[in-house]
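> I'd like to ask you about the structure that follows.
Nothing in this text is a laboratory measurement; each read-out follows from the coordinates by a stated rule. All values reported here derive from a predicted model rather than from experimental measurement. All Cβ positions, even for glycine, are placed from backbone atoms using ideal geometry, and neighbour counts span all protein chains on display.
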Amino acid sequence: MAHHKSSEKRIRQDEKKRVHNRYYKKSARTAIKKLREITDPEEAEKFLPKVFSMVDKLAKKNTWHKNKASNLKSKLSRHVNQLSNPSVQLPEEA
C-alpha cells in the first residue's frame, strides 16, 4: 500500500483516468462494431465521420496508439468504400 500522500493521490487520479479511458474506448469499439454491421452505403458514409472523430480523440490523448488509429480508419474507410462500390473486392486478410 502507498505510504506517501503523493502516491495515494496518484492512485486516486489513475483510477479516475482508468474509468474515463475505459468508457471512451468501449464507446469507440461499439461504434466501430456498429459501423461494420451497417449494410446501407449512405448510412455508413454518414456514420463514418463520427467514428473517425472518436478514434482521433483516443489517439490524440494517447489512449490508443496513433498507428492503431490509422489502421482502424483505413480499414473502416475501405469497408465503407466497398459498400458503395461492391464491384471492388477487398483482398482476404490472413
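> Let me check against my output: what whole-number percent is the relative contact order of segment 4-80, with C-alpha pairs under 8 Å and at least 6 apart?
Contact order relative to length: 31 percent.
> In whole Hz, with x marking every Gly and Pro, tabulate ³J(HN,Hα) for segment 57-67 from phi via Karplus 6.51 cos²θ - 1.76 cosθ + 1.60, θ = phi - 60°.
Per-residue couplings from phi come out as 5, 5, 6, 4, 8, 6, 6, 10, 5, 4, 6 Hz.
> With r defined as the distance between the Cβ atoms of Ser7 and Ser87 and R0 fixed at 41 Å, what FRET efficiency is calculated, to the nearest 0.05?
Plugging the Cβ-Cβ distance into 1/(1 + (r/R0)^6) gives 0.10.
> Let me ask something additional. With the dipole of the chain worked out from charges on the C-beta (+1 for Lys and Arg, -1 for Asp and Glu) around the Cα centre, which of Ala69, Ala44, Tyr23 lies farthest toward the positive end?
Projecting each Cα onto the dipole axis, the largest value belongs to Tyr23.
> So, one more: A 23 angstrom limit on the alpha carbon distance is what I want to check against. Which of Lys17/Lys66; Lys17/Lys60; Lys9/Lys60; Lys17/Lys75 exceed it?
Lys9/Lys60; Lys17/Lys75
> So what is the 222 nm mean residue ellipticity for the chain from helices alone, if each DSSP H run of at least 4 adds -39500 (n - 2.57) and you divide by all residues, rounding to the nearest 500 deg cm²/dmol?
So the calculated ellipticity at 222 nm is -27000 deg cm²/dmol.
> Structure shown: which of Lys25/Lys46; Lys33/Lys73; Lys5/Lys25 lie over 19 Å apart, alpha-carbon to alpha-carbon?
Lys25/Lys46; Lys5/Lys25
> Mind putting together the pair-distance distribution for the chain? All Cα pairs, 5 Å bins, whole percent per bin, short to long.
2, 12, 18, 18, 14, 11, 7, 5, 4, 3, 2, 1, 0
> Something else now. Exposure proxy check: Leu72, Leu83 ranked by fewest other beta carbons within 10 Å?
Listed from fewest to most nearby Cβ atoms, that is Leu83, Leu72.
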